[in-house]
1. If you build the Cα gyration tensor of segment 351-477 and take the root of 5 times each eigenvalue, what three semi-axes come out, in whole angstrom, biggest first?
2. Rounded to two decimal places and with Rh computed the Kirkwood way over Cα pairs, what is Rg over Rh for segment 132-212?
3. Using the Cβ atoms and a cut-off under 15 Å, what net charge is assigned to the surroundings of C259, where Lys and Arg are +1 and Asp and Glu are -1?
4. Give the lysines reachable from K191 as a straight Cα distance under 16 Å; neighbours fewer than 8 places away on the same chain don't count.
5. Dividing the Cα convex hull volume of segment 103-381 by residue count, how many Å³ per residue is that?
6. In straight Cα distance, which lysines are under 28 Å from K411, not counting same-chain residues fewer than 8 positions off?
7. For an R0 of 45 angstrom, estimate the FRET efficiency from the Cβ-Cβ distance between E197 and K397 and round to the nearest 0.05.
8. Please report the equivalent ellipsoid semi-axes of segment 343-419, computed as sqrt(5 x eigenvalue) of the Cα gyration tensor, largest first, in whole Å.
Amino acid sequence: MSVRFDKVLIGVERYICFCNFLCLCPETGLDGFSYPARLPGTFFMAPQNVPDISFTRRSDLFGINHPLQSELPSACEIRPGLAIISPLYRTKSGSIGMGMIYNEYGRTGAKVSAVGFGGMRFDESKSDAQNAELLLYAHSKGINYFDTAPDYCKDHSEDIFGIALKQMADVRDQIYVSTKGMPTSIDTADKARKAVEKSLKRLKVDKIDFYHVWCIRRMDQYESAMKKGGQYEGLLKCKEEGLIDNIVISTHLQGDQICKIIEKKEFEGVLLGVNILNFLYRWQGVQAAFNAGLGVVAMNPLAGGVVPQHEKELTFLASGNETPTEAAIRFCVSCPQITIALVGFTTKEHIDTACRVADNCRPFTASDIDRAKEHLSRNMDSLCTGCGYCMNNLCPKDIPIANYMQSYNAKLLQHKNDKEMTEQMIFQHEWGYLADRQADAADCTQCGECEQVCTQHLDITDRLAEIAEWESALKGD
Ligand code: SF4
Ligand code: SF4
């Protein structure tokens, strides 16, 4: 069994871990026994129990000072600069195993769970109160970072969070709440303040731990957020007043543009769309943010559902008995550069899967990466993630753009030819994503509005033209 230490501060202080597990350094891949041989005095393993183990707050929370304590095989002593590891929280359910990994979020001092709760994929057929239970369940599994935004889930997400956060008031100091505001609509400092106040009210908290300047797709949007009297100025004021703790940015920009933003040192962390399918093309931004000491949160670790929906085609991602979905989560959780893998949860089973992967997290080895690289092509960066930004009543023709683009994913992932795609359209029209469409692909006027907002920078109009051919073949035109 292995434990991944997120950071080892070399030469600063001796770190002592009293656990029986094999610890791996993410930088060198060395285990705890080999490490001191190479870097004397920096890391030391004592593979036996000690009588006076002091437990972490997180562990206390899960009832570690419990009669079972005498049976516990090990514990990790927590020191500054190391990931917090609480291998014991599952003792509550009677089984002793590894626990959630906690990472330092940049320089903020926050210790955040390696798996974060993404509040963008609630089951909309359920009530807000039913969906709120998921947050409590996630918290019981060790997740302490909860991310939402206005507009998520038809604008219910912040309210769902509010219901849960009210019930979690007694552990408020042990969890981190994150939400967002888009500078395209929040274009003044005054509006920024009002948006923060509105989110606070909906979330039923008196402080937002991480507030995102949200969805920066183009540099002019970033510049608009940072202009004098703009959103960022309003957020700084909110920070001074204690309404928010950290200002961070959520972006879909390319790596070199992200580097330019990071250089300005305006943000504590970055939320980026990076996953096992697109990391080859997104890594520059991730590495730059990590090098700059910022927190790095990976949104869409499952590529917006593409991985679970196409497990058959993506088996090459997995190793051993894991599924491609588990491999995708493991990739983000085990990358030292990534602080949090933000997973959108719909069910408790989704939470169980993500936590199980984090609990048993094996590093992504060089051969895992090589195997993935061998199969990945630029196409993987061209997948629609189903984020839905192109929907929002934006298309003058009411074309279900995201649904069409999700159908198009099959061409990229399964290398389907025109005939096969035409056949697929039959199914989609009758039973699938496109069954209740109000308009066809051929109705597109190529106004380009959707491409302006697409978080994946997809050539939507070209794809719709291609799809229109398949639909036309279907009608026998
Ligand atoms: S380019 Fe086509 S699909 Fe996109 S918004 Fe305009 S009409 Fe709709
Ligand atoms: S087409 Fe682009 S904006 Fe629309 S859902 Fe797909 S990735 Fe998101």
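1. Values: eigenvalues 196, 63, 45 Å².
Gyration-tensor ellipsoid for segment 351-477: 31, 18, 15 Å.
2. A ratio of 0.98.
3. Values: positive: K260, K264, K265, R282; negative: D256, E263, E266.
Residues near C259 contribute +1 overall.
4. K180, K201, K227, K228, K237, K239
5. Details: hull volume 33.3 nm³, N = 279.
It is 120 Å³ per residue.
6. Reachable lysines: K312, K373, K397, K419, K475.
7. Working: r = 37 Å, r/R0 = 0.82.
It comes to 0.75.
8. Numbers: eigenvalues 181, 93, 21 Å².
In descending order, the three semi-axes are 30, 22, 10 Å.
A short reminder: the numbers here are calculations on the coordinates, not readings from a lab. Please read these numbers as outputs of a predicted model, since none were measured by experiment. All Cβ positions, even for glycine, are placed from backbone atoms using ideal geometry, and neighbour counts span all protein chains on display.
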